[in-house]
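Contents: one structure, followed by commentary.
The values are calculated or read from the model by the stated rules, or taken from the named source; none is laboratory data. Quick caveat, the model's predicted, so the values are computed rather than measured. Virtual Cβ from ideal backbone geometry, glycine too; neighbours counted across all protein chains shown. Ligands, DNA and RNA are excluded from the accessible area calculation, which covers all protein heavy atoms including side chains. Shrake-Rupley method; radii C 1.70, N 1.55, O 1.52, S 1.80 Å.
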Amino acid sequence: MATPVVDISETITDHLTNNLLTSAGTRLIQSTLPPHVQQRIANRLAPPQQTNKAAATSDPVEPDYELPPLDFDIPVNYDQARLLVQHKLVRPSRLAYRKLLFDLGAWVTSDATQQSALGSVVFTVITVVLFILAAITYAVFYATYMPTVVTRIPAYLEFPDSLALGGGAGVVAAGQFPQATVDFTRNIKPQHTLRPDQHYTIGIDLSVPDAPSNFEQGNFMISLNLSSTASSKKKETTLMTAKRPALIAYKSFLLRSMQTLFRSITLVPGWDTEHQVLKILMVDDYVEREDLPLQSANIRIHTTSVQIFSCHIYLSAHFQGLRHFMHDWFYTTAALFIIFFMFWYAVIGLLLWRMFVSWVENKANARVMRKVIKKRINSDGIEEEYETEEEVFSDDEEVQDGDMTTRVRVDLSKILKTTSTSAASSLSASASAASATAA
C-alpha cells in the first residue's frame, strides 16, 4: 500500500507568514525552504498595491499613532503631562474632527442635500424676481397716487407804470396795486399736478429787503382769488377768495448791525442779501374738485410803498386715509404693499404655469385624425365606398427614453397597423381561394 504524500508547503507558509515576520532567524529559515515556498511567503508579506487611478483619487490618510497607556493618576513630570493631554484632549479632538469631516462630506454629496440646494436656489431666484416686480409696481403706484407734498410756484408781480417810472403812491389810481396771475395749467410741472379730493393749504411767500421804508410801512393787505374755467359754459368760476394782513418784522439798528456782521462772510461776496421772508397763510383747507380743478390764482398786494424781491405761491398737501399712511408710515406701508403684490404675482404665475403645462400635455396627447375613403360590401353583395376617420400615426415620431407611455402607444399603434394589414391580406386570400373552389 502506497504511503500518501502530504504537501506541507501551505502549512509552512501560513505558519511562517503569521508568526515569523521580520527577523534574522526568519530570513535564515526562508533561505532553506524551496523556491516556490519562499515566493508564497513574499507574496503574503507584501503590502497590497494600489492602482494608479485609485491612488490618484484616494485621499491621503493621516496615520493614527498608538499612544502608550496611562499607568498613573496624577502626572509628575512633563512627559506624563504631555501623555495625559494627548489621551484626554488631542486624540478625542482629532477623532471628533475626522468624524465631523466625514459626516459633512457625506451630507454634502448626498442626493437629498443636492435636491435641497437646487430647490433653495430656484426658490431664491423666484423670490428675488417677485420682489423686484413688486417693488417696481409699488413705486409706479406711489408716483401715480401720491401728490407732491409742497408745490411752490413763482408769481411775477406787475407794478403800475407810474410806479415803475418813479412816481409816488398818490399817482397810482385806486385799484392799481401790484398783482400777479399764476396759471396752473402752464406754470406747474406734471408731477406737481393737484389731485382730486386732496386737501391743500395755500399760502404766499414774500421776500422783502430790510429797507427802512419797509420797516415804516406797517400792516398791509394781500388778497388771493382762485378761479377755474373748466365748467361746461367755459366761463371763469371763482372757487375761493381770501384776504389776509401782513407785517414786516421790525429790526432795531443794533440787531441789524449784529446780523450784518455775522453774515458778512456771505454778504460781501454777494452770495446772500439782507432780506426776510414773510409767510402768509391764505387758505387753510382747500379741496381740489375733479369737475372744477384749480387753473389760475390772482395775487394782489394792497400797497405801493412796500419793496418786494420776489413772490411765490405754495400749496402744501394734507394727507388723509391711505395717503396719510403712505406718507407718514412710508417703510411699513411699502413693506405691506410689496408683500401683497408678491403674493398676487406668485398666484398669477402659478396659474399661468399650470395652464402652460396643461396646454403642453394636451398638445402632446392630442390625437391627429384624418378622413379616409374605404370600400365595403353591403348586404346586397355590392361593393360601395364610405368615408370614415382614422388616427394618424407617424412612423418617424421621436420618442424620449423616459416617456414610456408615448413609446408604448406608438409601438402598439404600429403593431395594430401591422396586424390589421396582415389580417386583411389573409382574409382577402381566403376569399379568393373560396371563390376559386366554388367556381
Over the heavy atoms of residue 302, what accessible area does a 1.4 Å probe trace out, to the nearest 10 Å²?
-> 50
To the nearest 10 square angstrom, what accessible area does residue 327 show with a 1.4 Å probe?
-> 70
For residue 100, the accessible surface traced by a 1.4 Å probe with all protein chains present amounts, in square angstrom to the nearest 10, to 110
Find out how many positive minus negative residues lie around residue 144, taking Lys and Arg as positive, Asp and Glu as negative, among other residues whose Cβ is under 13 Å from that of residue 144.
-> +2
Top to bottom by accessible area (1.4 Å), largest first, where do 258, 240, 282 land?
-> 258, 240, 282
